[in-house]
1. Just to be sure I understand, how many residues within the range 120-147 are free of Cβ contacts under 8 Å to residues at least 60 places away in the same chain, surrounded by fewer than 20 Cβ atoms within 10 Å (Cβ to Cβ) and not in a loop (DSSP other than H, G, I, E, B)?
2. So P390 clears everything in (1) touching a Ser or Thr at 6+ places or on another chain (Cβ under 9 Å); (2) surrounded by 14 or more Cβ atoms within 10 Å (Cβ to Cβ); (3) modelled with pLDDT under 90 except one condition, right? Which one?
3. Does the range 199-253 hold any residues that are among the charged types (D, E, K, R) and modelled with pLDDT of 80 or more, and which are they?
4. Take the residues in the range 288-328 that are open to solvent by 60 Å² or more (accessible area, probe 1.4 Å) and in contact (Cβ under 8 Å) with a residue 60 or more places away in the chain; name whichever of them is nearest to V201 (Cα to Cα).
5. What's the total number of residues in the range 563-598 that are open to solvent by less than 30 Å² (accessible area, probe 1.4 Å) and assigned to a helix (DSSP H, G or I)?
6. Among what's in the range 57-90 and is part of a loop (DSSP other than H, G, I, E, B) and among the aliphatic types (A, V, I, L, M), pick the residue that is surrounded by the most Cβ atoms within 10 Å (Cβ to Cβ).
7. What number of residues within the range 15-50 satisfy the criterion of being part of a loop (DSSP other than H, G, I, E, B), at pLDDT 80 or above and open to solvent by less than 40 Å² (accessible area, probe 1.4 Å)?
8. Would you confirm, using the coordinates I've provided, whether V292 is farther than 25 Å from V422 by Cα and modelled with pLDDT of 90 or more?
Amino acid sequence: MQLHRLGRCVLGLGLALLWVPASKLGAADLSGTVITQAVQLRGLTLEQAAREIPVRLRGVVTFHDSTRAATFIHDDSDSTFVWVKTEDLPVEPLTAGTVVEVEGVSAPGDFHVCVSGPKWTSAQLRVIGRGELPAPLALTANQFMEPTQDQRWVEVEAVISQVTFEDGYSVLELDVGRWRVKGVVAGRATGQPISWQLVQVPVRIRGVVGSIFNSDRQLTGRILCIPGEDAIHPLGGVLSPRATEAVLQTPATLLRTDRNGGLEPVRVLGVVSFLQPGEGFYIRGEDGSLWVQTAQQTDLFAGAEVEVTGLPMPSPFRPFIQGIQVRQLNLVAMPTPIHCRAIELFSGRLHGELVCLEAELVEAYRGAQEVLILQLREGNRILQARMTLPGPGDLPIAPGSRLRVTGICEAQAAHQLWTPQVADRIEIRMRSLADAVVLAAPRWWNMQRLLAAVGVLLAGLLVVAGWVVLLRRRVIAQTQIIRQKLERETLWEERSRIAHDLHDDVGASLTQISNLGELAVRRAAQPEEQKRHLTALILKARQTVQALDEIVWTISPRNDALPRSGSYFSHAVRDLLQGTDIRCRLLVPDELPEVEITSRLRHHLLLAVKEAVRNVIKHSRATELRFQLAASERELTLTIADDGQGFDPETADSRRNGMSNLADRLREVGGRFEVQTQPGQGTTVRLTVPLGRANS
C-alpha cells in the first residue's frame, strides 16, 4: 500500500458499525436524547447517527495525529473517533493520556459511527488535564481482524517483521497471527528508528484499531495506531541480548550454507554508494555490494563508511539487509564504478553494484514525481536508467545521443519461482545528471527526423492522391458531359440521315409510284400503255420496300452485332446481282467476333458496298464477282473483286466511276478505301473500317 494513503486511512480509522439491541436506544428515545457514553454512540444505526444526536463525552486520548486530524478517545464504556480539523485543535498538546471533553453530534462516518460537528464540521474538544491510559482490550489475531473492533483501544500479540519509513512515518510490518498489517508509531514522523532489538521477536503491542475500507463500507485491511515505542513490549518482559551476538560478515558471505548463521542479526562494513531517502541505501563491501533497507533518517552521504546491523533477507540475485542500526565510521573515497557491457548486467551478477555503461539514448521522458527516465540501447539490449530531477524544466539530453551512464544496477526477473539465471529487465539508478555524460551528440538524420520526413512525404502523397481523385472525378464528369453531347449530336445526325433517306429514297419513289398510277388510269383506253405503266409502278414499289427495309435495318439496335451485319451485306450483294449474268461468290466466315458495329457505320458500309457492286454491274463486263469479309476484334475489311475489263487508274475519271464518293464515305467513318486494277485484269476494291471503341 502506498503510504500517502495512510492519511486517509488514519483519518477514517473510526468508521465500522457495532449493532446493539434496540432496547439500548430505541427510535422513540432519540427525541431530546444526549449521548454521554461511547457505548451508546457505537450502538446507533447509520440512520440514527445521521440524525445528528447531541454528544457530550469525557475520556482519555488513546491516539492523536495532528497532521492527519485523527483523534481517538476512550471513556469508561468504550472507544470512538472524534473528527476535529487541524486548525480547530486546542492549543494545548494532545498526546496519549490527555483527558479531554468532547461536544458535538453523532455522524455515520465513512465506515463506523463517530463524533463530529453539525454538517461534518469539527467537534469541540477541550483539554482537561493528564490521566492514565485505560487497560486495553486483549484480542486474539482473529478478533483483531473483526470489523466491529474499529476505533477500540486494544492489545494484541505480533511479530515485527521489518521497519520502513513511508509517507513521513515509521511504519512497522506486523505479523498478527496469519495476518500482515501495518503499525504507525505516533511521534515517529521524523523517522527516528525503532529499537532494532524489537525486530523479529514476539511482542505485545497496544494501540487503536484502524481500518482500511472501500466505498461500500467493507473492510479491506487493518492499521494499528501505536501511541509510542513504550506501547511495544516483548513477550516475557525483557529483550534478548542480541546486540552483542551480531556476527561481522561481508556481502558475499550472507545466507550461505557454509556459514552457520541463520536469520540472525549480522554486521556488515561498507562504503555508501547510493542513497534513497526513506527507503535505504547501497553499500560496497570488500567482496561485493548489497542493499540496506531502513527507515532510519541519518546524515549519511555517498562515500561514507558505515557499519550496518540488521537481518539478512533473501531476494532474487542477491540477499539484502533489513537495517536495524546504522553507524557512520569514516569518510572515504567513493567506490569506483565497474565498467561493463549490457550483456554482463543481464547476467544478474552485478546486481547492486555501482556500474558504468556506454549506450545510445533511445528516449528520455519525465515520469511520475519528477523522475527522469532514460531508455538506453547497447547492442541489441534495451535497459532503463532513472533519477529524481531537481525540479521542473526541459529534459537536458536529446534522443540519439551517445551516453556514459553511471549508477546502481538493479536486476529484475519476471519469473522468480526458481533461482533466476538471468535478468529480463535492468534499471540503473543514477545519483544526479552528472552520472549521464554525453559522449556524442545525436546524428542529424535520426529516427525522429526520418519519421517526420516520412510523415511529410505521406502527407504530400495524400494531397496528390486527393488531387488526382478530384481531377479524375472532374474528368469523368466532363467526359460524361462530352459523351452526352456527342450522343445528342450523333442522335441528331442519325435522325437527320434517316429523314434525308426517307425524303430522297422513299419519298421520291412514292412520288414516282403516284405518277405511274395516274398515267395508268389515264391510259385505261390503251391497254398496252397501261400495262407498261403498271409494270413500272410494281418495280418502283419493290424498290421502295427494299429502301425502307435498309433504313429499318440500319437503325435497329438488334443489328449492332457484326455477325448480323455480315449476313445482311452478303444478302445485299446477292440481291443486286440477281437478274444479271454475273456469278456471285460469297466468302464470309461462319463465325464472326461479337463486336459492336454502330448504325452509322453500318449505313455507310452498306451504301459503299452497293455502290461498288453497281460499278461492277455497269462498267466491268465481268462474269464473276467475289465478295469477301474478314474481321478481327479491332478491324473489318470488305473486299469486292471482279474478273472484268478493269481500267487505268491514272487516266480514269474518279467522279464518273464513283471512286471519289467511296473514298469520302470511308473517311467519314474513320476507314480507308483501296482499289487495285489494271486494264484487262479486273478490279479489286477494299473497304476497311475500325471496330470496337474506335467506331463509337
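1. 11
2. Exception for P390: condition (2).
3. Going residue by residue through the range 199-253, those that are among the charged types (D, E, K, R) are 204, 206, 216-217, 222, 229-230, 242, 245.
Answer for the range 199-253, where residues must be among the charged types (D, E, K, R) and modelled with pLDDT of 80 or more: R204, R206, D216, R217, R222, E229, D230.
4. Of everything passing the filter in the range 288-328, Q325 is nearest to V201 (Cα to Cα).
5. 7
6. First pass over the range 57-90, keeping only residues part of a loop (DSSP other than H, G, I, E, B): 69, 75-78, 83-85, 89-90.
From what's left, among the aliphatic types (A, V, I, L, M): 69, 84, 89.
Details: A69: 19, V84: 25, L89: 17.
Residue satisfying both the conditions and the ranking: V84.
7. Residues meeting the conditions: 4.
8. no
The values are calculated or read from the model by the stated rules, or taken from the named source; none is laboratory data. No experiment lies behind these values; they were computed from the predicted model shown. A quick note on method: Cβ atoms are made from the backbone with ideal geometry, for glycine too, and the neighbour counts reach across all protein chains shown. Each accessible area value is taken on the protein alone, full model and side chains, heavy atoms only, with ligands, DNA and RNA left out. Shrake-Rupley method; radii C 1.70, N 1.55, O 1.52, S 1.80 Å.
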